[in-house]
1. Got a number for residues in the stretch 31-48 being part of a loop (DSSP other than H, G, I, E, B) and within 20 Å of the chain's Cα centre (by Cα)?
2. Which residues, taken from the stretch 49-96, are part of a strand (DSSP E or B) and touching a residue at least 60 places away in the same chain (Cβ under 8 Å)?
3. Is it true that some residue in the stretch 221-241 is open to solvent by less than 50 Å² (accessible area, probe 1.4 Å), at pLDDT below 90 and outside any strand (DSSP E or B)?
4. With Glu147, Glu103 as the choices, which residue is among the acidic types (Asp, Glu), within 17 Å of Ile193 (Cβ to Cβ) and surrounded by 15 or more Cβ atoms within 10 Å (Cβ to Cβ)?
5. All but one of (1) assigned by the TED database to the domain that holds Lys560; (2) farther than 28 Å from Tyr487 by Cβ hold for Arg654; state the number of the condition that does not hold.
6. Can you name the number of the only condition in (1) open to solvent by 60 Å² or more (accessible area, probe 1.4 Å); (2) over 23 Å from the mean Cα position of the chain (by Cα); (3) aliphatic (A, V, I, L, M) that Val74 fails?
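The values are calculated or read from the model by the stated rules, or taken from the named source; none is laboratory data. Note that the structure is a prediction, hence the values are computed from the model and not measured. When we count neighbours, we look across all protein chains shown, and the Cβ atoms used for this are built from the backbone with ideal geometry, even at glycine. Areas reflect the complete protein model, heavy atoms only, side chains present, ligands, DNA and RNA absent. Shrake-Rupley method; radii C 1.70, N 1.55, O 1.52, S 1.80 Å.
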Amino acid sequence: VSDQKPLGCWSVKHGQIITCPVVCNFETHEYIAVHDDKVLRIWKNKDINLDKVFKATLSADVYRIHSLPNGGPVVLFKGGGVRTLDVLLEAPQQEIENIVSDEVIKWSQAFMEGQQPVLIFATEKDGDFFVYVQKVKMNSLHKYKLEQQESKPMNFTAYIKNQFITLLCLYSNDAVYKALIPLQQNAEEEEQILSKSLLLNLSVSGSVLKGTSFVVLDKDHIAVLGNLATSGEESKECLTIWNTKFQTLQTSKELPLGTSGQLWCYEEKFFFTHGKVLTVIIYKCETSSLAAAVGKLKDSRAPDVSTFVNWDTLGEAELAASFQSQQSVPLKSEPKMTLRSRRNAVTKVQQDTLSVGQLLLNLKDASTTVFEDELRQLMSKAQMPDIQATIGCVMTAITDRCKANPKYYPQSFLVQIVQTRDLSYSLCPDLMVVALEKKDVHLLQICLQRFPDIPEEITYACLELFLSLSEAYLQSTDVNLESVICYIDVEFNNKEVKSEIVENGFNAELEKDSCETKITKETHLTAAGELCPVGPQKAALLNAVLQSAYSETFLLPHLKNLPAQQAVLFLRYLHYLHVKCSEKINTTLPGIRAPTVNQIMDWMCLLIDAHFTVMVMLPEAKGLLSNLHRFVRAQVRFYSELNKIEGSLRELQRLNHQKDIQTYSIEVLELI
């Protein structure tokens, strides 16, 4: 989510419908989906086509699959039957019992109680609501009927503590009720009446929250998503945090773009849709106190701080301001995009110490020496909480100063920070923009190697810059050559340095095509991979681009803007790398941080997709495309021949394992 990159996409056939949420099996790292109620599909990340993955048709309709970290997936059928996935796959057509008869399942949730999966689900029939609790492995089932009242339950959530299931029900009368269900019961009894008690009224100061969904944060706090209605005013959709211990609204955030009405909570993060985007918000709960609950907590050092919520995705000015004040209400803002690398800590800064925001504001007009010295001291405070967010603020302050004063650019200071700190693009989004303006290829190379979340637009901008810079300019720059130094072929005194060995089935002399276009000697040498078409510095920079993360969907539109001559040069270099990879049996380039053959092929395909028409029309590209075609054809032939003798090779390997071969031996094996 924080990288803003789609990692995979799978589609069912036209006319098929995915009928319950897809889950991940934590034990096997597989995805599990159900379409058309009864058809089970299981696949992994590497699978592309759902038609070719594992398929099982079940005997009953599935309501929901719950995946438990240590208990495996549990399948709940619409008739109330429950099976673990392992048991179900042993006999997919096994008969599934119908427990709930005419009742309709409205909600379900699964837990682990020790080593035992426990499933709870609620049903409705003719206005009556029932709750079922099943211990899956023990085949123990208990049924309860909720106490009737005029209002109806709209949503449920539950958690296990001290051998009790605490069931919370959000009712249509804008209240949350609580019911306790014991896990330990001696025998299955007849249907029992489940009594409940009022936990919280969702109203404050004349405003009433019409909740649609809610989650439990801890024993004293819940989060409710819904519409906050005030008399005489239009209702507003809000996410709210409530203190159930002191019956107070802790904090709220208006959501003007609207939501789907669904709210998820996982590892101290909220997930919900806001408009057309998925929003992620970090929260932190500490021990509840009355002072914090009513917003009267004075001492920022007090341990009883209630709920901390990061509502905002802050801009540059807001970022410094958010550190400037220690608020009396339990609300602190931080950048949303720092989810990847840290969990929040509660700030316990001494009152007599300047906040980060105040310090940065005070340094705005300081001299360069004072400015950088103070920032170094700020980052060196080992005990400072939220150190990564602080460094993000420092980087923002530096880039702001660079943009305000074009003559100011502390290149070595920036390189030092990026190399020694665990940063990401989202923590300092202007850093690479400034480096591009300054043509600081050394810093850009480091960022490409270390930042996991660089947008495709910036990746393309780096590629275009690297290809446009002259070799003479790059020779005067400080570029790390560790990714190219072990394999690159360069000219020495105008003599060619050629590869010693040609393996994996390719020989340029044997692969000449009678109909291919005549090309010059220089182009042939370069395209055949014998000489690198770019210098070592440019090659190292291009390697950094090849290894950066990207999504083809977002990169392709930018790649189409690459000038034709640069596209041809880049393709020549990719072809050179491809040939180099194929010279050795393991198809791996030597050196540190060298690109893999998969990365090279992916970029080659992407570049040809973006510039195919241009490549066909350009005279200087015809020879390159011809060589690419011959090389790939030779590779296909070679691996086709290997496939033919695969069986014989496996048999030889088996025979060699059976023999006790001494230190020295000569064997003659005949392939028939």
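1. 5
2. First, the residues of the stretch 49-96 that are part of a strand (DSSP E or B): 54-57, 62-68, 72-77, 82-84.
Listed by number, the list holds a single entry, Val74.
3. The answer is no; no qualifying residue exists.
4. Glu103
5. All conditions are met except number (1).
6. (1)
Every residue, every condition in (1) at pLDDT 90 or above; (2) open to solvent by 10 Å² or more (accessible area, probe 1.4 Å); (3) basic (Lys, Arg), yes or no:
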| site | (1), (2), (3) |
| --- | --- |
| Thr123 | yes, no, no |
| Asp126 | yes, yes, no |
| Ser140 | no, yes, no |
| Ala158 | yes, no, no |
| Ala187 | no, yes, no |
| Ser197 | yes, yes, no |
